Amino acid sequence: MDDVERSWLARARRFDPRALGEIYDAFNPALFRYGCRLLGDTHASEDLVSETFYRLLVALRSGGGPQRYLRAYLFRVAHNLAMDRHRKDRFTALDLDLSDLQLAAPDDPSLQAEESLLQSRARSALWQLTSDQRQVILLKYYEGLDNDEVAAALDKPVGAVKALQHRAVNALRRILSPAEHQTELTP
Amino acid sequence: MSLQGDAPELEDHKAFLEDFSPDGEGEAYQTVFRTLDRLRAVPARDPQAKAAQRSAFLAQAQSFKEAVSPRRGRRLKGWTETVHKERSPMKVLLRTGLALTVALVGTVTTALASQDSLPQQALYPVKLITEDLRLAMTSEPQQEFDLLVGFAGERTHEMATLAQGGQDVPLDVALRLEQHLRLALQEASRLQNPELNLALERILLMAQAELQILKGAQPQPDGNFSTGAPALQMAEQSWTQAAIDAGAPPPPETCCPAGPGAGPGGNEGQPQPPGGEPHGPAQPGG
């Protein structure tokens with residue numbers, strides 16, 4: 001993947017449409033998932049994907065952008081954008097948009113509501129982590145990036161990633177455990 | 001609503017748990033992972049929206065390609081890679097301003113705190129530097145005269161405080177007092193009447209008061225300066241000479257060499273106040 005990314009990057013700097021198309025096809029699903037998990041909204045996630053790729057083009061045009069880890073760079077941009085969006089939306093009321101949910105039982109409204117609550121709780125727990133901890137969880141746990149790529153996305157040494165991961169999981173445990181006993185809704 | 005099927009599947013979170021060694025019971029961590037798994041699957045995307053977005057991205061890229069000529073060279077930013085951080089000009093400006101403000105406040109605070117210091121104390125050099133600066137920033141003869149007689153009074157006060165506290169009085173302080181008085185008389189000579197008369201009268205009055213202070217600081221009951229206090233003795237001589245230069249009649253020791261019969265006491269060694277002088281104030285520095 002490393003060599004492929006470097007080849008894409010070299011061609012993308014010349015604005016080769018084929019390379020840019022391949023980059024878009026390779027990474028837009030992951031960025032969309034990333035946005036959905038953080039923001040919980042498909043429209044916002046689509047915007048996040050568009051804006052992330054636009055930022056990539058702007059960076060390439062100015063001679064900047066990633067030197068090696070393209071995927072990590074895109075996730076870092078996406079995370080920053082998601083943080084901005086979250087700051088703007090943090091004081092708006094939470095509404096449960098059932099049409100945006102991914103559910104095991106789409107025909108049962110009560111199960112939909114329950115699933116929505118559990119997802120909101122998981123998302124809320126993620127937002128209570130520090131920025132670096134949250135990125136480690138999202139990139140390693142959900143997307144399966146290796147430590148080198150996560151380190152590149154965080155702009156930190158590889159050794160720090162494991163420590164961040166450990167602290168993130170322990171923090172999630174502290175955040176989730178008290179309420180878990182009271183409102184265990186999982187089957 | 002269908003689920004998007006291209007999310008990576010991590011069986012039993014093995015890849016993630018390779019680097020993770022839990023503290024304590026595993027059940028609590030299973031709860032964490034079960035909760036996180038609620039976000040693993042995401043809604044499927046609208047294919048048309050996705051295709052439109054891709055087209056927009058490529059069109060944007062094409063417009064960038066056409067609009068921008070190739071860069072001749074890249075900006076020098078090696079230093080930013082060294083320190084891993086590019087500083088914004090505004091932050092640098094704010095930090096510099098803050099540093100200057102802190103330095104200024106610190107300097108002013110130190111200077112103010114030094115004004116009550118005595119010789120041989122840590123802040124005393126700051127006090128002297130402050131005085132020199134004030135003097136250097138003054139150009140008017142009247143203002144310089146005011147500063148110099150003020151400094152002379154301060155030196156006398158310092159010496160008296162040290163002597164009364166049983167501490168040694170450095171000779172440097174007396175030398176500085178002598179210098180202040182000499183310069184004050186020089187500045188007075190640059191004044192015109194009636195400011196000149198007022199300045200000389202002020203020196204005479206100050207000399208009387210300061211000599212009394214110096215006498216009071218003497219440990220000997222007879223009022224004589226001991227050989228152990230040469231600085232005080234020198235200070236008294238400086239004030240007496242300044243008073244003479246300002247028009248006071250010379251003390252008996254000055255006009256008549258002191259013999260064995262010339263004892264201490266009375267107004268001996270003290271300049272007369274200018275009010276009863278038969279002659280006007282003499283021009284100093286002559």
* Does A:Phe15 satisfy being at positive phi and either among the aromatic types (Phe, Trp, Tyr) or open to solvent by 40 Å² or more (accessible area, probe 1.4 Å) (or both)? -> yes
* For residues that are surrounded by fewer than 22 Cβ atoms within 10 Å (Cβ to Cβ) and over 30 Å from B:Asp37 (Cα atoms), tally how many sit in the range A:18-27. => 3
* Structure fact -> Result of the Cβ filter at 6 Å on the range B:40-61, keeping first residues that are farther than 16 Å from A:Asp25 by Cβ and at the interface with another protein chain (Cβ under 7 Å from one of its Cβ atoms) and partners that are in a helix (DSSP H, G or I) and basic (Lys, Arg), at least 6 apart or interchain, is B:Val42/A:Arg33
* If we keep just the residues of the range A:79-104 that are closer than 25 Å to A:Lys140 by Cα and within 14 Å of chain B (Cβ to nearest Cβ), which is modelled with the highest pLDDT? -> A:Ala82
* **Single residue of the range A:40-63 satisfying the filter (surrounded by fewer than 21 Cβ atoms within 10 Å (Cβ to Cβ) and more than 9 Å from chain B (Cβ to nearest Cβ)) that is modelled with the lowest pLDDT** => A:Asp41
* To do: Answer yes if at least one residue in the range A:28-38 is without any contact (Cβ under 8 Å) to a residue 40 or more places away in the chain, open to solvent by 20 Å² or more (accessible area, probe 1.4 Å), farther than 16 Å from A:Arg134 by Cα and within 13 Å of chain B (Cβ to nearest Cβ), and no otherwise.
  => no
* the range A:126-148 - residue that is within 10 Å of chain B (Cβ to nearest Cβ) and in a helix (DSSP H, G or I) and, of those, most open to solvent (accessible area, probe 1.4 Å) -> A:Asn147
* For the subset of the range A:17-27 comprising residues that are among the hydrophobic types (A, V, I, L, M, F, W, C) and more than 8 Å from every other protein chain (Cβ to nearest Cβ), which member is farthest from A:Leu138 (Cα to Cα)? -> A:Ala19
* To do: Would you check if A:Glu180 is at pLDDT below 90, within 9 Å of chain B (Cβ to nearest Cβ) and surrounded by 17 or more Cβ atoms within 10 Å (Cβ to Cβ)?
  => yes
* Of the criteria (1) farther than 22 Å from B:Thr240 by Cα; (2) in contact (Cβ under 8 Å) with a residue 40 or more places away in the chain, which one B:Leu205 fails -> (1)
* State whether one or more residues within the range B:256-266 are surrounded by 14 or more Cβ atoms within 10 Å (Cβ to Cβ), modelled with pLDDT under 85 and out of contact with any Pro (no Cβ under 9 Å at 6 or more places or on another chain). => no
* Structure fact -> Restricting the range A:56-84 to residues that are of a type in the set (Gly, Ala, Ser) and closer than 22 Å to A:Asp3 by Cα, the one farthest from the chain's Cα centre (by Cα) turns out to be A:Gly63
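The values are calculated or read from the model by the stated rules, or taken from the named source; none is laboratory data. Computed from a prediction, not measured in an experiment: that's the story for all the values here. Neighbour counts run over all protein chains shown; Cβ positions are idealised from the backbone, glycine included. For the accessible areas, the whole protein counts, side chains as well, though only heavy atoms, and no ligand, DNA or RNA atoms are used. Shrake-Rupley method; radii C 1.70, N 1.55, O 1.52, S 1.80 Å.
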